[in-house]
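Here, each number is a calculation from the coordinates, and none is a lab measurement. Quick caveat, the model's predicted, so the values are computed rather than measured. Positions of Cβ are backbone-derived with ideal geometry, glycine not excepted, and every protein chain shown enters the neighbour counts.
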Amino acid sequence: MKITAAVIRGMEKEDPFLIEELELDEPREHEVVVRIAGVGMCHTDLFSKISLGMLPMVLGHEGSGVVEKVGSAVTKVEPGDHVVMSFGYCGKCHNCLSSHPAFCMEFAIHNASGGREDGSFTLRTADEDVFGNFFAQSSFASHALAHEKTLVKVDKDVPIELLGPLGCGIQTGAGTVINALKARPGESIAIFGAGTVGLSAILAAVVCGCTKIVAVDILPERLELAKKLGATHLINSKEEDAVDVINKITTNVGVDYSIECTSNAIVARQAVDAVRILGTCALVGVTMLGDELTVDWSNVAAGRIVRGVYEGDSQPDIFIPQLIDLFKAGRFPFDKLISYRPLSEINESVEDTHSGKAVKVILKP
Ligand SMILES: [Zn+2]
Ligand SMILES: [Zn+2]
């Protein structure tokens, strides 16, 4: 079928997204065509644009919309259902089978190989194949093709165009606190970087009953937003040493948990240094293969835990409906992070995302 999509044809930061007409494959047995209602822009899109090296390509991995067409063997959804599109996974490896699909051993094949598992393309122009299937969707488009297992059916009483970021950025922040760290009432947490992931972590820390919620950032307006969402202490790390301040706040013990969301090695070091003995630092920022992190060996030897978390260690079919229930109950107001633009303004959205002017832009085709 004919669709409209934002295509990248160059890897430089300044190469624009181009709105083009493409041909999308018909759904195979277990595939589904989703009419996109909204798609969040995430730093992973912008990072992938300059690093994946597959051109031309359609990115976009926080899509939500309405099921339009289903393959012959699809049982999970039917036309008209509202769905959030989440990441791809094999469903068969050790980590998938033990309910950690975000740590699928074949994560790269299912999310960043540019096509289906068998190497086939799902998108093309009249004379060339186009890389797609980005995070099992490529949803910077009017329509996207997904495997049924990556779709999460959601209630129709919430605006469907709002929900796409639950499939990646928001479940990453909230899931790190709820699923991976399992924060409990009365505990303390420091969040380094108040973007979508960090602010979602703050919202989740409030849900978990954390009593000291420290937000660290360099943008005063982000710290203000963090405070509105429930941060109890704010640190502008341009002006103060975050580890010193956290030590003061916790009477020299350190926080129970810290989360690093900036992909900056100096900040990651601070996040490790800020946790108490037997506390856990979660590294969530996107990095390149080969990037190195230096830590004080004796700090880690003393029992501090440093771990990475992908996608909030979420099982999306379970976790995304829980986040929607919390939103409906007024306890997880993630809509405060969102601004909307039409898909045709995707290049303006890139600028707003890079500059920090927008927290989370949702593009509407
Ligand atoms: Zn797997
Ligand atoms: Zn993302």
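Quick rundown of the values:
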{"read-out": "Bins of 10 Å from zero: percent of alpha-carbon pairs in segment 34-176", "value": "12, 42, 37, 8, 0"}
{"read-out": "For the chain, calculated [θ]222 nm from helices alone, where every DSSP H run of n ≥ 4 adds -39500 (n - 2.57)", "value": "-7000 deg cm²/dmol"}
{"read-out": "Tilt relative to the chain, helix 196-208 - C-alpha long axis, 0 to 90 degrees, to 10", "value": "60"}
{"read-out": "Gaussian network model of the chain, springs between alpha carbon atoms under 10 Å - residue of Gly80, Gly290, Gly186 with greatest fluctuation", "value": "Gly290"}
{"read-out": "Separation between Cα centres of segment 314-365 and segment 123-169, rounded to whole Å", "value": "14"}
{"read-out": "Simple spin-label estimate for Asp325 and Thr125 in nanometres, 7 Å along Cα-Cβ", "value": "4.8"}
{"read-out": "Percent of C-alpha pairs per 20 Å bin, the chain, short to long", "value": "31, 57, 12, 0"}
{"read-out": "P(r) histogram, all alpha-carbon pairs of segment 302-341 included - 10 Å bins from 0, percent", "value": "23, 34, 30, 12, 2"}
{"read-out": "Aspartates and glutamates with Cα under 14 Å of Lys69, excluding same-chain neighbours fewer than 8 positions away", "value": "Asp25, Glu26, Glu29, Glu31, Glu78, Asp81, Glu148"}
{"read-out": "Stokes-Einstein D for segment 173-310, Kirkwood Rh over Cα pairs, 10 °C, 1.306 mPa s (µm²/s)", "value": "111"}
{"read-out": "Using alpha-carbon coordinates, inclination of helix 346-355 to the longest axis of the chain, degrees", "value": "10"}
{"read-out": "Total formal charge among the other residues, if their Cβ is under 13 angstrom from that of Ile170, Lys/Arg +1 and Asp/Glu -1", "value": "-1"}
{"read-out": "In degrees, nearest ten, helix 316-328 long axis to first principal axis of the chain (Cα)", "value": "70"}
{"read-out": "Stretchable slack from Glu351 to Lys2, in nm (0.36 nm times residue separation minus alpha-carbon distance)", "value": "122.8 nm"}
{"read-out": "Whole-Å distance, taken between Cα centres, linking segment 194-248 and segment 256-276", "value": "13"}
{"read-out": "Dimensionless Rg ratio for segment 114-199, taking C-alpha atoms and the 2.2 N^0.38 Å reference", "value": "1.46"}
{"read-out": "Whole-angstrom Cα spans of segment 26-79 along principal axes, big to small", "value": "37, 21, 15"}
{"read-out": "Residue pairs, from the table Lys13/Lys149; Lys49/Lys227; Lys238/Lys357; Lys248/Lys360, whose Cα atoms sit over 28 Å apart", "value": "Lys13/Lys149; Lys49/Lys227; Lys248/Lys360"}
